[in-house]
Amino acid sequence: MSVTLEHFLTVSTLLFAIGLFVALSKRNAVAVLMGVELMLNASNLALVAFARLAETSLAITGHVFVVFVITVAAAEVAVALALAVAVYRNRETVDVDKVTSLRA
Amino acid sequence: MIEGAGPVAAFWGLSALTLLAAGGVVVSRNLFHAVLFLIVVFLGIAGFFLLLSADFLAMAQVIIYVGAIAVLILFAIVLTPRASRDNAETRMAPVALVAGVAVAGLLIPAILDAEWRTLSSAPALPVSDLGRELLGVWVLPFQLASVLLTAALVGAVVLVRSPREEREEIDEEERR
């Protein structure tokens with residue numbers, strides 16, 4: 001019994017697909033954001049799996065990239081949640097179907 | 001390739017935990033429960049990082065995702081009290097389902113079909129190497145990340161300021 005790179009990539013892909021579904025289908029803006037976080041985590045898992053298991057001379061670069069992804073995800077989540085709170089303050093809802101004032 | 005009964009069992013256990021918790025994010029009808037499932041996903045990913053001997057990233061994952069991002073999401077939920085919390089789907093849910101299944105259905109056969117050049121013996125990736133890379137080759141992106149974090153912090157503060165606070169500030173400036 002052994003675990004190969006394909007195993008990790010399959011788990012990562014499934015997690016990404018679930019995250020994509022959550023981000024595209026949920027009605028609450030905060031839930032949409034949770035889907036984005038799931039997708040980012042799935043990509044991080046793939047990057048770390050490549051760094052550890054793939055034949056490359058740049059293995060540590062995978063870890064560096066994960067550090068940057070985590071940083072940007074933290075910045076993104078702070079701004080996005082601030083946006084959700086700002087939208088809520090003006091319209092008393094964070095339902096992405098009801099925030100349609102830009103619709104022609 | 002990772003061998004040995006312990007790591008293999010850990011892989012399957014973590015896979016089941018992470019994917020079931022991700023499913024919980026989708027199906028739970030309460031937004032708070034969805035966040036709790038999301039925390040389990042984050043912890044499962046941290047476990048995967050440990051399994052892949054990325055110990056620093058595992059700790060960073062726990063501290064930043066579980067400690068900061070999950071708490072931020074909970075804050076956003078409690079700060080929007082009259083918004084619906086049923087975690088419902090929009091009318092486009094079937095389309096989203098097709099998109100998700102298509103991504104998985106296209107990528108997984110491709111992954112299984114590809115000829116990956118993998119290592120038989122794993123390289124050691126110590127944290128000291130990561131630090132040297134970050135402050136060596138990647139020092140410019142590293143600095144840019146700090147600028148980005150500062151800008152995001154200021155932006156978040158500006159966005160969530162209440163109109164009353166803004167008015168008070170303008171009044172104060174006019175008085176001066």
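The values are calculated or read from the model by the stated rules, or taken from the named source; none is laboratory data. From a predicted model like this one, the values you see are computed outputs, not experimental measurements. As a convention, Cβ positions derive from the backbone with ideal geometry for all residues, glycine included, and neighbour counts pool all protein chains shown. Side chains included, ligands, DNA and RNA excluded: accessible areas come from the protein's heavy atoms. Shrake-Rupley method; radii C 1.70, N 1.55, O 1.52, S 1.80 Å.
Just to check your reading of the model, which residue among A:Ala104, A:Ala42, A:Ala78, A:Ala29 is more than 7 Å from chain B (Cβ to nearest Cβ), modelled with pLDDT under 95 and within 17 Å of the chain's Cα centre (by Cα)? Lay out the reasoning, then the answer.
Values: A:Ala104 fails: within 17 Å of the chain's Cα centre (by Cα); A:Ala42 fails: modelled with pLDDT under 95; A:Ala78 fails: more than 7 Å from chain B (Cβ to nearest Cβ).
It is A:Ala29.
Comparison of B:Ala156, B:Ala145 shows that the only residue that is part of a helix (DSSP H, G or I), under 30 Å from A:Arg91 (Cβ atoms) and among the small types (Gly, Ala, Ser) is B:Ala156. Residue check: is A:Leu47 surrounded by fewer than 24 Cβ atoms within 10 Å (Cβ to Cβ) and under 18 Å from B:Ile39 (Cβ atoms)? So A:Leu47 does not fit the description; no. Scanning the stretch A:50-75 for residues that are among the hydroxyl-bearing types (Ser, Thr, Tyr) and either open to solvent by less than 30 Å² (accessible area, probe 1.4 Å) or in a helix (DSSP H, G or I) (or both), we see that the one that is farthest from the other protein chains (Cβ to nearest Cβ) is A:Thr61. Determine whether B:Ala46 is in the same structural domain as B:Val8 (by TED's automatic domain parsing) and of a type in the set (A, V, I, L, M, F, W, C). Here the answer is yes, as B:Ala46 does meet what is asked. B:Val98 - would you say it is surrounded by 11 or more Cβ atoms within 10 Å (Cβ to Cβ), in a helix (DSSP H, G or I) and β-branched (Val, Ile, Thr)? Yes; evaluated as a whole, the condition is true for this residue.
Restricting the stretch B:66-95 to residues that are of a type in the set (Val, Ile, Thr) and at pLDDT 90 or above, which is farthest from B:Gly23 (Cα to Cα)? If we take residues in the stretch B:66-95 being of a type in the set (Val, Ile, Thr) and at pLDDT 90 or above, then B:Val78 is farthest from B:Gly23 (Cα to Cα).
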